[in-house]
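First up is the structure itself, then whatever we jot down about it.
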Amino acid sequence: MQMSLSPPDATLTVRLILNGEPVTLEVPPQAILLDVLRDQLHLGGTKKGCDHGQCGACTVHVDGRAVNACLRLAAMCEGQAITTIEGLAEKGQLHPVQEAFLVHDAYQCGYCSPGQIMSAVALLEDPEAATDDAAVRDAMSGNLCRCGAYRNIQAAIADARRHLESNAQQQGRQP
Amino acid sequence: MSEINDPAIVGHQTPRIDGEDKLTGRATYTTDWQVTGMLHGYPVPATIAHGTLEALELDEARAMPGVVDILHHRHFPELQRSPNSMKHGDQVSEVRLPFEDERIYYHGQYIALVVAETFDQARAAALCVRARYRREHDVRPGLLSGDAEGETVDDYSRGDPDIAFASAPVIHDATYTIAPESHVPLEPHVTLAEWHGSEPRLIVHESTQGIFYERNALARIFDLPAERVEVISHYIGSGFGNKLFMWPHAVATAAAARLLGRPVKTVLPRQQDMMSTGQRPASRQRIRLAADPDGRLMAIHHDSTSETSLVDRHVDACGGATPSAYACDNVATRQRLLAVNHGTPCPMRAPGEVSGIFALESAIDELALELDMDPLALRLRNYADHDPQRDLPWSSKQLDVCLKGAAERFGWAARDPRIGAMRKGDEIIGYGMASATWFAGRQPCEARVEIRADGSLLAACGTQDIGTGTYTIVAQAVAELTGVPVASIDVRLGETSLPAGPLSGGSMTTATALPAVAAATRDALDALQEIAVGPGGHFAGHDRASLEVKEGALVAKGQRAGFAEILARHRLGSVSGKGSAAPGGERRQYSFRSFGAHFVEVRWDPGISRLRVARVVSSIDVGRAVNPLAARNQVEGAIAMGIGMGLLERLEYDPRDARLINANLADYRVPVHADMPDVDVELLDYPDFRFNEFGARGIGEIGLTGIAPAIANAVHHATGKRVRDLPITIETLLDSPLIMT
Ligand code: FES
Ligand code: FES
């Protein structure tokens, strides 16, 4: 017997926080978060490189954790906070990781960059993650860069870490 | 042509002008484009590699939600093939039109294109298309699955190698193979096609390295005047050669859009991208070297066979760099071609030469061992200080500086040449080195530059930025000649409505585009100067030649007028300059090549056979690097790709039926962050003004050449095993004499 792959017609209502704003979506139950972001919400910054969780180009934050948007149903995101590359810069100011990528030329074609940046931000914000170079390389290894800008990406992450730490210290000093 | 000596901006590290767009997600790649009313195409790939398509069952797929149409060999417009001429600018990657007949030549060949309202509807329906085939059993699974040699397509010889071999005291003779490799640009191939008007115009967004080639080919295929086809490619998720020339998905998509009267976008799924948009073909190379006991090369024989498909003839000329690599009087190369049931191969970064250099530079290392010589000393002993192939001087060759400088930074002198003699902890350390080289070419090119009312400039050229940094170097060139900061220069690329520019390929874009951009800049300055010395101008009555250009202003005898002021006084919105450039007679006087040296340290654990590249030290001579920040990045990226070629990458075709087994990014392994070693790249700065006024020869491919043989040579030093087949997987090292059992 052949199973029909025909998608059901019904849609689901999903409420989530997208880049800080509440959003209500009508999506078919099988809709993939990546396709919803790109095709329905016109947020093209999150890239598609494989649709199989093998390249990392689609990395977004779900409640602060880096997630492959191509492996996630939109319907699973009820009540969750999703951040995409478009939501990273604040008031037109590049996030320190974006700034470090620019300075270190941490990209070539740029197609992997949104995913690399989202993974890097999640890593830098993760208090449990080890911080030595080998651990960073390991943690970033789900984000392919076929252009091979790996060394500059690693340098940018190290630089952004210093920057974020000194920011945190300065804020700590303030009353 | 005035040489740009002592430049202020060219040759200096410059962050990319398109960087912020890329890093914030604003940059619109072809996959990101959406237009109103757009449909989605999803191809259906053949599941056999050799036979005939007997029937397609489409009823179930047609009944799926959102499906608009399904194109296939009985439902497809009558189109013409492209003449496929490099010279006439309509070369394509696969000449056969989609669905042209019912023959199946390779696994993944398109048998249908499903068009639906949404992407997931198209995909769901494509998975419901059923095909019935008649398989044929005389399948040709690949060059490396048999010993067929193929037909000779090219040869070269000088001197008399056979006599030299008959008398030579030392002979090395070995055969080297390289597995087929996939380009895997992170943005898959994608076409968005829309038709407008009753006198039809075709607009195509494509992730391509060659907008003009695609435009011309589409014009031939759809029988349109070229000016009614526009191809757009602003941002490209890289290419590495497989986006140079158009593939059939673009034709099928444009045909669907015309048939349905709506725009259609087809993004190839990764699996199909790997099956049907080209690969570096497998190669088998036999190298024979004859030498005297002092290591002087007496003869070189380089016989290569590479694969092509049954639908096209792609020649991956492996021996291309060999005739000019070493000072040697007797050299013969031969190239053979074997047609197999794979998708058509295509150029992949440093095509041909990178494969040939693996074989040659491995063989030189083996010869050094036979002669008991240092491999570096053997290379210097046979140094070609002029081009022995064309019997011409080099325009500029600093290979000796590269070899010695990189050896010094690497610590080559501290190498203990005995196998397995260097250890750290559980690991054995291996050192290896190889030379790098890539030809330097340029093409004709046109450009336009406008000086605008606000004093900013616009530079336009119909080439592409595939990630190499073309946007930025164009801005640097204009900034250099006008003194206007890079931030005030807009650069437009990637549209066929712009002046005709080159392919992004062959490492030729820099040397091709910048001289045209410079000519256009000077022409625009000329127009401005003419106005300034004319009636009512800031410099009325001055001799035009007395005007200098400084920091966005014209200056003479202590008087200064900014570009914006001049335009304002004459109520002009802008002035525009045109420029063109093409290679001239220099090619008859000099040979042009880039050079480099790679030194590699591998670490091998004889307990578990774990192998890694730990350190790479490289020196690269490309004349002048226009933007050293992006240029070094190119070399580092090439080193990453070289590690893939050396240790990881292999497309696997089933020897029984030629089906591609590992067309995905889990089973086809590309280097990841964790594979990246410590890298120290030095870019020499010997501007090659015989080549162009910027002294730049191009940077995209040179870094890849020589990495794989340097790794193989280091692996031999560490393990005692000479591996002549790429990739070097750890199981090949299990019978090393040093393995711990
Ligand atoms: S697109 Fe999601 S991991 Fe590749
Ligand atoms: S910059 Fe091109 S894939 Fe990373």
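Some notes on this structure:
- Those residues of region B:147-182 which are within 14 Å of another protein chain (Cβ to nearest Cβ) and either more than 16 Å from ligand 1 (Cβ to nearest atom) or on the phi > 0 side of the Ramachandran plot (or both), in sequence order: B:E181
- Checked against (1) at the interface with chain B (Cβ under 7 Å from one of its Cβ atoms); (2) open to solvent by 40 Å² or more (accessible area, probe 1.4 Å); (3) more than 11 Å from ligand 1 (Cβ to nearest atom), A:R146 meets all criteria but (2).
- Positions within region B:5-43 being over 27 Å from the mean Cα position of the chain (by Cα) and within 23 Å of B:L629 (Cα to Cα), in sequence order: B:N5, B:D6, B:P7, B:A8
- Complete set of residues in region B:489-505 that are out of contact with any strand residue (DSSP E or B) (no Cβ under 7 Å at 6 or more places or on another chain) and open to solvent by 20 Å² or more (accessible area, probe 1.4 Å): B:L503
Conditions tested, residue by residue: (1) buried (at least 24 other Cβ atoms within 10 Å of the Cβ); (2) among the acidic types (D, E); (3) farther than 30 Å from B:T152 by Cβ; (4) modelled with pLDDT of 95 or more.
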| position | (1), (2), (3), (4) |
| --- | --- |
| B:N242 | yes, no, no, yes |
| B:G295 | no, no, yes, yes |
| B:L310 | no, no, no, yes |
| B:D329 | no, yes, no, yes |
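- For region A:3-22, a residue qualifies if it is out of contact with any strand residue (DSSP E or B) (no Cβ under 7 Å at 6 or more places or on another chain) and either modelled with pLDDT under 95 or at the interface with chain B (Cβ under 10 Å from one of its Cβ atoms) (or both), and the qualifying residues are A:M3, A:S4, A:L5, A:S6, A:P7, A:P8, A:D9, A:A10.
- B:N633 being in contact with an Asp or Glu (Cβ under 9 Å, 6 or more places away or on another chain) and assigned to a helix (DSSP H, G or I): yes
- Candidates B:D374, B:D391 - the one that is under 30 Å from B:A513 (Cα atoms), out of contact with any strand residue (DSSP E or B) (no Cβ under 6 Å at 6 or more places or on another chain) and acidic (D, E): B:D391
- Within region A:103-142, being within 16 Å of ligand 1 (Cβ to nearest atom) and more than 7 Å from chain B (Cβ to nearest Cβ) holds for A:G115, A:Q116, A:M118, A:S119, A:A120, A:A122, A:A139, A:G142.
- Pairs linking a residue in region A:140-159 that is more than 17 Å from A:V121 (Cβ to Cβ) and in contact (Cβ under 8 Å) with a residue 60 or more places away in the chain to a residue that is within 16 Å of ligand 1 (Cβ to nearest atom) and open to solvent by 20 Å² or more (accessible area, probe 1.4 Å), with Cβ atoms under 8 Å and 6 or more positions apart or on different chains, are A:L144/A:Q54; A:L144/B:V672.
- Counting only residues that are charged (D, E, K, R) and part of a strand (DSSP E or B), region B:168-199 holds 3 of them.
- Test: A:A69 is more than 12 Å from chain B (Cβ to nearest Cβ), farther than 29 Å from A:Q40 by Cβ and open to solvent by less than 30 Å² (accessible area, probe 1.4 Å): no
- Checking each residue in region B:484-499 for being within 14 Å of chain A (Cβ to nearest Cβ) and more than 28 Å from B:E227 (Cα to Cα) picks out B:V486, B:A487.
- Residue check for B:F599: farther than 30 Å from B:S2 by Cβ and either in contact with a helix residue (DSSP H, G or I) (Cβ under 7 Å, 6 or more places away or on another chain) or within 14 Å of chain A (Cβ to nearest Cβ) (or both): yes
- First in region A:108-126 and free of Cβ contacts under 8 Å to residues at least 40 places away in the same chain and within 12 Å of B:G25 (Cα to Cα), second anywhere and among the aromatic types (F, W, Y) and open to solvent by 10 Å² or more (accessible area, probe 1.4 Å), Cβ under 9 Å, 6 or more apart: A:G110/B:Y235
- Taken as a whole, the structure leaves A:Q169 outside the set of residues that are of a type in the set (S, T, N, Q), open to solvent by 20 Å² or more (accessible area, probe 1.4 Å), more than 9 Å from chain B (Cβ to nearest Cβ) and within 29 Å of A:L16 (Cβ to Cβ).
- Some residue of region B:144-151 being outside any loop (DSSP other than H, G, I, E, B), open to solvent by less than 20 Å² (accessible area, probe 1.4 Å) and either within 30 Å of B:T177 (Cα to Cα) or in contact with a Ser or Thr (Cβ under 8 Å, 6 or more places away or on another chain) (or both): no
- Listed conditions (1) within 14 Å of chain B (Cβ to nearest Cβ); (2) of a type in the set (A, V, I, L, M); (3) free of Cβ contacts under 8 Å to residues at least 60 places away in the same chain are all met by A:L25, apart from (1).
So that you can scan it fast, the table gives a plain yes or no per residue for (1) away from ligand 2 (no atom under 16 Å from the Cβ); (2) assigned by TED's automatic domain parsing to the domain that holds A:V121; (3) surrounded by fewer than 19 Cβ atoms within 10 Å (Cβ to Cβ); (4) touching a residue at least 60 places away in the same chain (Cβ under 8 Å):
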site: A:N19; (1), (2), (3), (4): yes, no, yes, yes
site: A:Q30; (1), (2), (3), (4): yes, no, yes, no
site: A:L34; (1), (2), (3), (4): yes, no, no, no
site: A:C55; (1), (2), (3), (4): no, no, no, yes
site: A:V60; (1), (2), (3), (4): yes, no, no, no
site: A:A81; (1), (2), (3), (4): yes, no, yes, yes
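- Considering only residues in region A:102-116 that are part of a helix (DSSP H, G or I) and either touching a Lys or Arg at 6+ places or on another chain (Cβ under 7 Å) or not assigned by TED's automatic domain parsing to the domain that holds A:L144 (or both), the one that is surrounded by the fewest Cβ atoms within 10 Å (Cβ to Cβ) turns out to be A:G115.
- Any hit, region B:656-675, residues being in a helix (DSSP H, G or I) and open to solvent by less than 20 Å² (accessible area, probe 1.4 Å): yes
- Matching residues in region B:609-630 - criterion: being within 13 Å of chain A (Cβ to nearest Cβ) and not in a helix (DSSP H, G or I): B:R612, B:V613, B:A614, B:R615, B:V616, B:S618, B:A625, B:N627
- Those residues of region A:48-57 which are within 12 Å of the chain's Cα centre (by Cα) and more than 7 Å from chain B (Cβ to nearest Cβ), in sequence order: A:G56
- Qualifying position, being in contact with a strand residue (DSSP E or B) (Cβ under 6 Å, 6 or more places away or on another chain), touching a residue at least 40 places away in the same chain (Cβ under 8 Å) and either farther than 30 Å from B:L704 by Cα or among the β-branched types (V, I, T) (or both), among B:S580, B:S619: B:S580
- Filtered by the rule that a residue be over 17 Å from B:N627 (Cβ atoms) and either within 14 Å of chain A (Cβ to nearest Cβ) or open to solvent by 10 Å² or more (accessible area, probe 1.4 Å) (or both), region B:456-483 gives B:S456, B:L458, B:G483.
The values are calculated or read from the model by the stated rules, or taken from the named source; none is laboratory data. Fair warning: this is a prediction, and the values are worked out from it, not measured in the lab. Because the Cβ atoms are built from the backbone with ideal geometry, glycine has one as well, and the counts that use them run over all protein chains shown. For accessibility, only protein heavy atoms count, side chains too; no ligands or nucleic acids. Shrake-Rupley method; radii C 1.70, N 1.55, O 1.52, S 1.80 Å.
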